[in-house]
Structure formats: structure tokens, C-alpha cells
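Participant: Handing you a structure now.
The values are calculated or read from the model by the stated rules, or taken from the named source; none is laboratory data. This is a predicted model, so every value here is computed, not measured. Glycine also receives a Cβ, built like all others from the backbone with ideal geometry; neighbour counts cover every protein chain displayed. Keep in mind that these areas ignore ligands, DNA and RNA; they rest on the heavy atoms of the full protein, side chains included. Shrake-Rupley method; radii C 1.70, N 1.55, O 1.52, S 1.80 Å.
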Amino acid sequence: MTETNDLRRELKTFTRRWEQLIAVPETPRSLMDVIEYSLGTQRKAEVYINRLFAYFLDPEQPHRMNSEFLRAFLNGLPDTCDFEEDIHDLSDVVVNDQVRLTEQVDGETVSSGYVDLAVQVPNEWFLLVELKFSAEDTQTEFYRQDVTHIDGVPKDDYESGAYYLYLHQADRPDANDLEFSNWTWTAFVETVLTGFIVDNAPRYPQRTVVQLHEFADDIRSITGMSDPTDNVDEKIELYLDHYEAIADVTATFESQWETFSHNWPTHLADQLVSVSHGTIHSESDYHVRFDCSNDAVGDWWFRSTSSDWGMIFKHGWWRHTDDLSDVLHERPDDRNDARIGFHHRLENDREQAIRDNTLTLYFRNMGANDQQFIDAISDHFDAQADAIEATLPDTASLTGNKRNMISAEYDIAPDEHDDFFAAYIAALEQAFSDLVVENPDLIAILDDIYTDAVAKVYDTQITMSSQQN
């Protein structure tokens with residue numbers, strides 16, 4: 001008990017001092033003070049920033065952040081980018097700086113250039129990023145309109161999506177090409193980089209944390225931004241002074257979170273049984289099939305094979321496209337499937353859940369579907385948008401997004417339950433009750449959308465039934 005109390009006091013001291021540090025304004029350092037790499041000119045400093053940016057984004061680099069910074073960057077992209085890719089699994093992602101873009105005619109290169117950053121998942125999607133500090137844009141129109149190959153690979157090979165981002169100073173003009181999404185360095189630092197550092201510093205090696213701080217400071221100085229939050233040296237010293245306490249509580253929570261990401265389906269099913277919303281039909285390591293007491297909404301699967309994607313879908317909303325009578329609850333080996341469903345993002349939305357005590361449950365048109373099926377679901381959903389909106393509880397709304405089409409937010413109230421995880425399950429149970437158990441009208445519309453999209457794309461009629469398989 002004494003050891004626990006000492007740990008609690010140490011963490012309170014750390015928290016109080018950290019809050020003081022992030023609230024104290026600091027006079028920005030000059031460019032020459034910040035760029036301590038003997039680069040000599042601003043242009044060389046900008047090249048260094050570009051390379052460091054690519055280093056942090058690349059999960060293969062030895063910064064020990066894996067794909068977390070890349071995922072934060074992609075999730076933070078401006079809405080105008082319309083980035084809608086499934087980024088849970090980034091194991092195939094390729095990140096490079098100074099990537100050659102070419103215009104080829106009949107196999108011959110007629111013009112070429114180099115984009116500052118390229119993030120690619122081969123055969124699926126790419127994001128081209130042009131970074132600007134002072135120079136004017138002269139290349140974005142060529143990059144989007146004329147380029148046929150990215151690093152020798154035809155643009156047509158990317159089946160899912162093509163995205164373009166222009167990252168520039170706030171006092172400089174936007175990109176010349178209107179399809180490039182414009183984002184300022186100020187917005188990137190304030191909405192992505194600073195929050196990522198504050199939220200994740202205790203989890204990463206000291207060298208990486210220092211580099212992230214210096215990265216933010218360098219961007220601020222080169223772009224003339226003020227520095228309202230960071231006192232780097234004091235923060236690092238504070239972190240090191242309390243490292244053992246931070247590491248101890250972090251490791252404990254990480255272990256509990258990992259266990260929870262695996263067994264939440266059982267906890268949710270047990271909670272639903274306790275409030276008489278149904279019974280457990282079957283249960284395995286990663287799946288629970290739940291029979292709702294409301295026969296009008298059928299049977300449901302709770303799936304936890306991913307540490308991030310918590311899937312909740314009706315029996316019948318996942319089928320093999322070679323034989324649509326084959327109802328699935330996991331991906332077939334050949335990946336030929338068509339599915340829709342609800343989900344909560346355990347890893348991606350973890351900070352929102354912990355810091356803001358908010359759970360978000362989404363209805364999703366799955367990104368791994370064939371593009372024709374994605375489009376068909378989207379078209380049928382849009383045609384029924386008014387009817388869908390009329391069925392939604394006050395906590396939910398239509399997003400206008402082609403993938404996450406409905407979003408519903410629920411309070412996580414740890415003070416009202418035994419612990420945080422019990423509170424999370426209570427919020428999830430309320431969401432499932434509102435959107436499924438007590439909402440047969442919504443489920444009936446979504447059933448029709450799925451069956452109509454299957455008929456349109458695969459020319460096959462199916463019958464929704466909870467009794468199949």
C-alpha cells in the first residue's frame with residue numbers, strides 16, 4: 001500500500017507540473033537557434049524537415065512509433081482531402097520522400113518531377129504530399145493532371161483512391177491545382193503534431209520524443225509561428241524525473257487494454273443478457289453470436305480479431321461473393337466478400353475514450369469491399385438518407401462520408417461503474433440498444449440497402465434471415 005501511495009503522489013506531482021508547462025507561453029527561438037544541424041541555408045533546413053517528416057511517417061524506421069504517427073497524420077488530414085481509406089492495417093504501406101513522378105506516352109517518359117512525400121499502399125491507394133515553406137507552387141497541376149506513373153508504377157494500378165495534399169505556410173497562396181487539398185503548417189502542428197507529442201511522449205524512447213519536439217520547434221521557426229505551449233527542456237526533464245512511475249502505470253493500463261480489446265464481445269454480450277436484450281447463441285475466442293430478444297432485428301456477431309476494429313454486424317450482412325448464400329463472420333481466404341456493419345475503434349479512438357470519456361459507434365460501408373459494391377451501398381444509402389435519419393436517436397447523425405456513414409456518440413462514465421472498462425461496455429450496450437435492439441426500423445432499412453446492393457452488383461437475390469448458418 002505504501003508503494004502504491006508513493007506512486008500516486010509522484011504521478012500527481014508530474015501531472016501538476018506538466019499542466020503548468022503546457023500552459024506557459026514561451027518566446028520563439030530564432031531560426032539559427034533552432035536549426036542546429038550546420039545546414040547553412042533555409043533551403044537546406046527545409047530539406048531536412050522534409051526528410052525528418054518522411055522518417056516519422058515511415059513505420060519501418062527505428063523511431064519505435066510503428067505506424068502510430070502515420071495513422072495520426074492520416075486521421076488528421078483536412079476534410080477537403082476526402083481521405084476514406086481503411087488504415088487499421090498499414091503493414092504494406094510505403095513512405096518515401098522525393099519520389100519521381102513521370103508522364104509516359106507509349107512507354108516513353110516525356111516529362112518528370114519529384115514530389116516531396118508519397119504514402120502508398122501498393123495496388124490500393126496513394127497520397128502525394130507537396131511541402132512548401134516559401135517558394136510558390138509550380139508543380140501540383142502536373143502532378144495530378146499529367147503524371148501517369150508514380151515511381152514507375154502506373155497510377156491506374158491504385159484501385160481504391162488517389163489523394164493530393166498541399167502543405168504550406170498560412171500567408172502563402174493555395175495550390176494551383178484545385179484537386180489538391182490545402183493544409184497549413186500551423187493547422188498541422190496544432191491539430192496533429194502537438195497533441196500527438198503530449199498524448200504519447202511517455203510511450204516512446206527518449207530520443208524519439210526529443211526529435212518530435214525539435215521537429216515541431218523547427219517548423220514553428222521556419223514558418224514564423226509562435227510557440228504557445230512547448231518548453232522542451234523542462235518537459236523532457238520532468239518526463240525523465242518521473243519515468244519509472246509513468247512507465248509503471250502505462251504498462252499496467254496497456255496490459256489491461258490489450259486484454260479488453262480481445263474480450264469486449266463477451267463483456268458486451270453478458271451486459272445485454274443482464275438487461276434482458278437477448279441470449280448468447282455461441283461463443284469462441286474472437287466471436288460471440290448474440291440472439292436479440294427483439295426477433296425483428298435478428299442475430300448479431302461481435303468480433304474482436306483486431307486490436308482496433310471492434311465489429312458488430314447482423315448475421316447476413318457478410319457474405320461470400322462467389323456464393324452469396326454463404327453467410328460469413330470472418331474473412332475468407334480469397335478475400336471475396338461483401339459486408340456492412342457497425343464498429344467501434346478501440347485503438348484509433350482510444351484517446352477520445354480515455355481523455356474525453358466518449359465512445360463513438362459507426363455504421364460502415366467496409367473499405368475492403370469491391371469498389372462497385374461500395375458505390376452501390378453508398379447510392380442506396382443516400383437514396384434512403386431521409387428515412388434513415390428519421391430512425392436515428394439523438395446521439396447519432398449521418399456523416400455524409402462514403403465509408404463511415406452513421407456516427408453515434410455515448411458518454412463513458414467511469415465514476416458510475418467499477419472501472420473504466422465497465423463504463424466503456426455500458427456505453428457500448430446503450431449504443432447497441434439504441435441502434436439495434438430497439439430500432440427495428442433502422443435495421444430493416446439497412447437490410448434492404450444491403451440486399452439491393454448485392455442484387456445490383458452481383459445480379460443475385462438474397463433473403464435476409466437470422467436462421468441461416
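Participant: Do any strands (runs of 3 or more DSSP E) lying entirely in the range 108-200 carry at least 3 residues that are surrounded by fewer than 19 Cβ atoms within 10 Å (Cβ to Cβ), and which ones are they?
Facilitator: On the way: elements: 108-121, 125-131, 161-168, 181-184.
Qualifying strands (runs of 3 or more DSSP E): 108-121.
Participant: May I pose another question? For residue 238, only one of the following conditions fails: (1) modelled with pLDDT of 95 or more; (2) of a type in the set (A, V, I, L, M); (3) crowded, with 16+ Cβ neighbours inside 10 Å; (4) over 30 Å from residue 87 (Cβ atoms). What is its number?
Facilitator: Against the list (1) modelled with pLDDT of 95 or more; (2) of a type in the set (A, V, I, L, M); (3) crowded, with 16+ Cβ neighbours inside 10 Å; (4) over 30 Å from residue 87 (Cβ atoms), residue 238 comes up short only on (1).
Participant: List every residue pair whose Cβ atoms sit under 6 Å apart, with the two residues 6 or more apart in sequence or on different chains, where the first one lies in the range 385-407 and is within 16 Å of residue 438 (Cβ to Cβ) and touching a residue at least 12 places away in the same chain (Cβ under 8 Å) and the second, anywhere, is of a type in the set (D, E, K, R) and open to solvent by 30 Å² or more (accessible area, probe 1.4 Å).
Facilitator: Listed pairs, sorted by first residue: 391/441; 393/434; 395/409.
Participant: Taking helices (runs of 4 or more DSSP H) that do not extend beyond the range 374-469, which have at least 1 residues that are more than 14 Å from residue 359 (Cα to Cα) and hydrophobic (A, V, I, L, M, F, W, C)?
Facilitator: Working: elements: 385-391, 420-432, 440-458.
Fully inside the range 374-469 and qualifying: 385-391, 440-458.
Participant: If residue 255 satisfies every condition in (1) among the small types (Gly, Ala, Ser); (2) closer than 29 Å to residue 370 by Cβ; (3) under 23 Å from the mean Cα position of the chain (by Cα) but one, which is the exception?
Facilitator: If we test residue 255 against (1) among the small types (Gly, Ala, Ser); (2) closer than 29 Å to residue 370 by Cβ; (3) under 23 Å from the mean Cα position of the chain (by Cα), just (2) comes out false.
Participant: A further question follows. Tell me the residue from 406, 340, 312, 377 that is surrounded by 14 or more Cβ atoms within 10 Å (Cβ to Cβ) and closer than 26 Å to residue 259 by Cβ, please.
Facilitator: Working: 406 fails: closer than 26 Å to residue 259 by Cβ; 340 fails: closer than 26 Å to residue 259 by Cβ; 377 fails: closer than 26 Å to residue 259 by Cβ.
Exactly one residue qualifies, and that residue is 312.
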